[in-house]
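Single-structure report; data block below.
Laboratory data are not the source of any read-out in this text; all were calculated from the coordinates shown. Please read all numbers here as calculations on a predicted model, not as lab measurements. Virtual Cβ from ideal backbone geometry, glycine too; neighbours counted across all protein chains shown.
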């Protein structure tokens, strides 16, 4: 009798297994045809198991519902400790930007299997994302030992050294990346910027040009080339690059300002104004757009507009504004408001003690405006002490005026130091 009952249980069990296997086959067929909603309905009718939860999680992962994918992968793991499912759970956490949980899952995997290079690579990148560059460095150094030809390992190591502020090691890692893959655009871009920061423009230009061969539409590299052309005073060539950048990524502040500056250098003030006005619309807190519009108005002898633009620049600007105060000084000088001009040149010099032209203007205008020539003498003397080597013409004039003022007071019986 007992044997009969046992046989009956085995038959029932096998029937259930066969039924589930048949159901999973049907579900797999539905998924192959993209009928995931019907497949989910079928899975929900089945008894909970590792396979049913795994398949539900895989469906949610496929439709980018990573929150539910995590839920069902965790349910699947409650039935069975499965290696592949843990990997998928870690990736789902990573997609949800739950980096600490992803790291925890991946670390558990690598603790038991240090040879899984893909999981180790994911852990290394997650360490970078969670500001743990020392741990990332160790991971990528080990990965390079195991696969010396993988350019991305060297690139990620370079990022770790960047975060650790190890400049030479960073550059060496990016160079190593480039040796392994001379089309690695991210490494090429960072090599260009790294060499620019070292003022090694020749090396930077090599990588800028190489990068633009690999990807002619790479926006950051095109911007670097535009900057180079501007420095080289090749303004029309630079404008062509900037117009290309503007077509790829319209209405960027950098592009509008650089186009404005380039046209300004070419004395095409109408075009320059067009782009500076665009820049001002994009960021009304950027005071330099007002400054350039003020400079244009000053050159066009539109002193009312120049005064307004420079005033807005000094009001809006939070950084050093000596150029803007200097512009206001020029406007007041042109409109014969000498006292106000002196005040503005003084403000310019106070904002930037390296602005020798502002100090020179204070001296020459003080000599013209004030009866007390000692005021001018003080400014000229200060200029010669600090900026004698800056501009020979201004320095010679300052020394001449010091001699004249000294002689003037000597004739009055007073000796100036």
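Take the chain, connect every pair of alpha-carbon atoms lying under 10 Å apart with a spring to form a Gaussian network, then pick out the residue of 220, 250, 47 with the largest mean-square fluctuation.
Highest fluctuation among the options: 47.
Compute the FRET efficiency between residue 219 and residue 304 as 1/(1 + (r/R0)^6), taking r as their Cβ-Cβ distance and R0 = 25 Å, and round to the nearest 0.05. Walk me through the intermediate numbers first.
Details: r = 39 Å, r/R0 = 1.56.
About 0.05, to the nearest 0.05.
At 0.36 nm per residue, minus the direct Cα-Cα distance, what do residue 408 and residue 231 gain on full extension? Give it in nm, one decimal, please. Don't skip to the end; give the middle numbers.
Values: separation 177, 0.36 × 177 = 63.72 nm, distance 4.67 nm.
My answer for the length gained is 59.1 nm.
For a test of the definition: using alpha carbon positions, the gyration tensor, and the 1.5 limit on a/c, classify the stretch 201-271 as rounded, prolate or oblate. Provide the component values of the computation, followed by the final result.
Numbers: a/c = 2.59, a/b = 1.43, b/c = 1.81.
Taking the square roots of the gyration eigenvalues as a ≥ b ≥ c, the stretch 201-271 is oblate.
May I ask you to sort 315, 60 by Cβ crowding, counting other Cβ atoms within 10 Å and putting the fewest first?
On the way: 315 11, 60 20.
Least to most surrounded, the residues fall as 315, 60.
When the chain is fully extended, how far beyond the present Cα-Cα distance does residue 175 get from residue 378, taking 0.36 nm per residue of separation? Before the final figure, lay out the partial values.
Details: separation 203, 0.36 × 203 = 73.08 nm, distance 5.52 nm.
Gain in length upon complete extension: 67.6 nm.
By count of other Cβ within 10 Å, fewest leading, how are 110, 85 ordered?
Numbers: 110 16, 85 21.
The order, fewest Cβ neighbours first, is 110, 85.
Pull out a ≥ b ≥ c, the square roots of the eigenvalues of the alpha-carbon gyration tensor of the stretch 284-352, then state rounded if a/c is under 1.5, prolate if not and a/b is larger than b/c, and oblate in the remaining case.
On the way: a/c = 2.29, a/b = 1.12, b/c = 2.04.
In terms of gyration-tensor shape, oblate.
In nm, to one decimal, how far is the modelled label at residue 116 from the one at residue 370, with both set 7 Å along Cα→Cβ?
Each label point lies 7 Å from its Cα, and together they span 7.8 nm.
Go ahead and run the numbers for FRET between residue 415 and residue 352, Cβ-Cβ distance against an R0 of 30 Å, rounding to 0.05. Mind dumping the intermediate values first?
Values: r = 34 Å, r/R0 = 1.12.
For R0 = 30 Å, the calculated efficiency reads 0.35.
Calculate the radius of gyration of the Cα atoms of the stretch 48-111 to one decimal place, then report Dmax, the largest Cα-Cα distance, as a whole number, both in Å.
10.7, 31
Given an 8 Å cut-off on Cα distances and at least 6 residues of separation, report the relative contact order of the stretch 341-387 as a percent. Intermediate results must be reported in sequence, preceding the final value.
Values: 41 pairs, mean separation 14.6, N = 47.
For the stretch 341-387, the relative contact order is 31 percent.
Would you please give the FRET efficiency between residue 247 and residue 319, computed as 1/(1 + (r/R0)^6) with r the Cβ-Cβ distance and R0 = 30 Å, to the nearest 0.05?
Working: r = 31 Å, r/R0 = 1.03.
Efficiency computed from Cβ-Cβ geometry: 0.45.
Mean projection of the alpha-carbon convex hull of the stretch 118-236 over all orientations, in nm²? List each step's numbers first, then the result.
Details: hull surface 30.6 nm².
About 7.7 nm², averaged over all directions.
Just 372, 147, 283 to compare: in a GNM of the chain, with alpha carbon springs under 10 Å, which one fluctuates most?
Comparing 372, 147, 283 in a Gaussian network model of the chain, the most mobile one is 372.
Say each of residue 63 and residue 37 gets a label point 7 Å from the Cα, pointing the same way as Cα to Cβ; how far apart are those two points in nm?
Between residue 63 and residue 37, the simple spin-label model gives 0.8 nm.
Can you show me the helix-derived [θ] at 222 nm for the chain, built from DSSP H runs with n ≥ 4 at -39,500 (n - 2.57) apiece and divided by the number of residues, rounded to the nearest 500. Before the final figure, lay out each step's value.
On the way: 23 runs with 332 residues, N = 417.
After summing the helix terms and dividing by residue count, I get -26000 deg cm²/dmol.
Give me 374, 301, 273 sorted ascending by neighbouring Cβ count inside 10 Å, so fewest comes first. Mind showing how you got there, number by number?
Details: 374 13, 301 9, 273 18.
Fewest to most other Cβ atoms nearby, the residues stand as 301, 374, 273.
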